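I have placed the structure first, in the form of structure tokens, so that the comments after it can refer back to it.
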Amino acid sequence: METLMKILVELRPDVDFEENKELVDSGELDSFDIVSLVGELCDAYDIEVGAEDIVPENFNSVEAIMALVERLQED
Amino acid sequence: MIKKMIDGQAFWQEIINRISKGERTNFFFSEEEALFFVGNKKISRVDFTGGVYFFIEEESFYRLYYFLEKGKIPEVLPEYGKPMILEEVLLAAKERVPSEDSWQRIGFKPYLQRKRMYLASKNITFEERKVTFASEEMLEEIFQLMQDSFEPYSSALPTKEELLLDIQKQNVLISCKDQKLLGFLHFGDIKQGSMLWHIAVMPQARGLGIGEGLVKDWFTAQRDIAKKFLLWVRTDNPPALQMYEKLGFLPDGRVAPVMIKTT
């Protein structure tokens with residue numbers, strides 16, 4: 001979780017990631033953020049985020065992103 | 001080999017597949033926009049080992065988009081007969097990959113750079129101001145000032161028809177004196193916020209605080225709607241940077257360098 005928070009804060013220092021549970025739906029994260037974030041996750045966790053996983057519900061909160069990463073690490 | 005793109009859905013699927021592998025890119029469009037490019041036959045491609053270039057044709061130049069596998073560097077581009085513009089969105093604090101050098105090696109030169117700034121509504125002290133929205137009669141004058149004030153390649157200037165629609169939507173504010181246009185501010189909606197797209201002041205009216213007044217008008221016009229105000233500003237424009245800093249805008253860490261390859 002610490003690694004993820006570091007990535008997120010570097011990406012968007014202006015966003016309150018602990019409070020906001022609708023990061024994509026509320027428009028807080030845009031397509032640049034998502035593309036950058038997927039690249040960072042691939043590098044940091046040595047995973048591939050499947051095309052079917054690039055959907056808003058997987059990026060709406062820190063918990064959702066972490067769950068995605070953990071699931072992909074198990075695959 | 002340069003190929004025209006014809007299948008929008010296949011194109012979008014390819015984009016998602018490349019993103020999912022963490023390929024480097026400057027392609028940040030939505031599905032809708034990607035389909036639009038293909039539908040309008042504006043986009044072509046060149047494939048090479050380790051990546052692909054997409055070209056979007058504008059009237060006097062091409063916009064270049066790329067996908068590069070990890071560790072790969074940009075390859076030499078075919079000659080197209082018009083300037084090629086490469087605009088990237090990057091995080092200022094992170095190392096640029098692929099590097100500026102690797103683009104320079106294939107003929108690109110630095111052109112300009114912008115940075116993004118934001119201001120949360122809760123940090124604004126709103127003033128009571130009488131704001132003036134542009135009327136349709138002012139379309140030509142505003143359009144001309146826009147053409148005269150911005151560089152032609154990366155300013156995302158609207159067409160006259162698009163500007164008219166934005167005037168009708170009350171997304172263009174003006175400053176006037178004796179019914180003469182002194183300046184305008186063109187903004188648009190983003191989720192929960194408002195984005196300043198273009199602002200310009202007549203040369204003879206600069207240095208009089210008209211730009212600052214227009215920005216304050218923008219705050220007033222959007223105060224009940226926007227939770228945050230965003231803009232991109234050129235880093236070689238100190239008067240504008242100082243004005244935005246004075247108003248409370250802060251950089252959010254995103255920068256957008258633009259490079260050009262002339263023929």
Checklist entry - Of the residues that sit in region B:216-246 and are more than 14 Å from chain A (Cβ to nearest Cβ) and in contact with a helix residue (DSSP H, G or I) (Cβ under 6 Å, 6 or more places away or on another chain), which one is nearest to B:Lys115 (Cα to Cα)? => result B:Val233
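Listed here are the residues, each with its yes/no results for (1) within 30 Å of B:Leu64 (Cα to Cα); (2) more than 21 Å from the chain's Cα centre (by Cα).
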residue: B:Phe143; (1), (2): yes, no
residue: B:Lys177; (1), (2): no, yes
residue: B:Phe187; (1), (2): yes, no
residue: B:Lys191; (1), (2): yes, no
residue: B:Val201; (1), (2): no, no
residue: B:Gly211; (1), (2): no, no
residue: B:Gln222; (1), (2): no, no
residue: B:Val233; (1), (2): yes, no
residue: B:Leu247; (1), (2): no, yes
Checklist outcome for this item: A:Val49: passes all of (1) under 22 Å from B:Leu90 (Cα atoms); (2) touching a residue at least 12 places away in the same chain (Cβ under 8 Å); (3) more than 7 Å from chain B (Cβ to nearest Cβ) but (3)
Checklist entry - Does B:Leu165 satisfy being farther than 23 Å from B:Asn123 by Cα and not basic (Lys, Arg)? => result yes
Checklist entry - Mind checking which residues of region B:185-219 are crowded, with 17+ Cβ neighbours inside 10 Å and either farther than 17 Å from B:Tyr244 by Cβ or modelled with pLDDT under 95 (or both)? => result B:Gly193, B:Met202
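Across region B:124-134, which residue is nearest to B:Leu165 (Cα to Cα) among those that are over 24 Å from the mean Cα position of the chain (by Cα) and surrounded by 12 or more Cβ atoms within 10 Å (Cβ to Cβ)?
To start, the set of residues in region B:124-134 that are over 24 Å from the mean Cα position of the chain (by Cα) comprises B:124-132.
Next cut, surrounded by 12 or more Cβ atoms within 10 Å (Cβ to Cβ) only: B:124, B:129, B:131-132.
Details: B:Ile124: 29, B:Arg129: 25, B:Val131: 19, B:Thr132: 17 Å.
Only one residue fits best here, namely B:Thr132.
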Next on the checklist: Return the residues of region A:10-43 that are closer than 23 Å to B:Val255 by Cα, surrounded by fewer than 18 Cβ atoms within 10 Å (Cβ to Cβ) and more than 10 Å from chain B (Cβ to nearest Cβ); say none if nothing qualifies.
Outcome noted: A:Asp16
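If you take just the helices (runs of 4 or more DSSP H) that sit entirely in region B:4-116, which of them hold at least 2 residues that are closer than 24 Å to A:Glu10 by Cβ? Reasoning before the result, please.
Details: elements: B:8-20, B:31-39, B:100-104.
Per the criteria, B:8-20, B:100-104.
Please find, among B:Leu119, B:Leu64, B:Leu77, the residue that is within 23 Å of B:Leu241 (Cα to Cα) and either touching a residue at least 60 places away in the same chain (Cβ under 8 Å) or more than 14 Å from every other protein chain (Cβ to nearest Cβ) (or both). Give the steps one after another, and end with the answer.
Working: B:Leu64 fails: within 23 Å of B:Leu241 (Cα to Cα); B:Leu77 fails: within 23 Å of B:Leu241 (Cα to Cα).
Being within 23 Å of B:Leu241 (Cα to Cα) and either touching a residue at least 60 places away in the same chain (Cβ under 8 Å) or more than 14 Å from every other protein chain (Cβ to nearest Cβ) (or both) holds for just one of B:Leu119, B:Leu64, B:Leu77, which is B:Leu119.
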Next on the checklist: Take the residues in region B:168-184 that are surrounded by 21 or more Cβ atoms within 10 Å (Cβ to Cβ) and touching an Asp or Glu at 6+ places or on another chain (Cβ under 7 Å); name whichever of them is farthest from B:Ile85 (Cα to Cα).
Outcome noted: B:Leu173
Checklist outcome for this item: Taking first residues from region B:187-199 that are at the interface with chain A (Cβ under 10 Å from one of its Cβ atoms) and second residues anywhere that are of a type in the set (Ser, Thr, Tyr), the pairs with Cβ under 7 Å that are 6 or more apart or on different chains are B:Lys191/A:Ser26; B:Gln192/A:Ser26
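The values are calculated or read from the model by the stated rules, or taken from the named source; none is laboratory data. From a predicted model like this one, the values you see are computed outputs, not experimental measurements. All Cβ positions, even for glycine, are placed from backbone atoms using ideal geometry, and neighbour counts span all protein chains on display.
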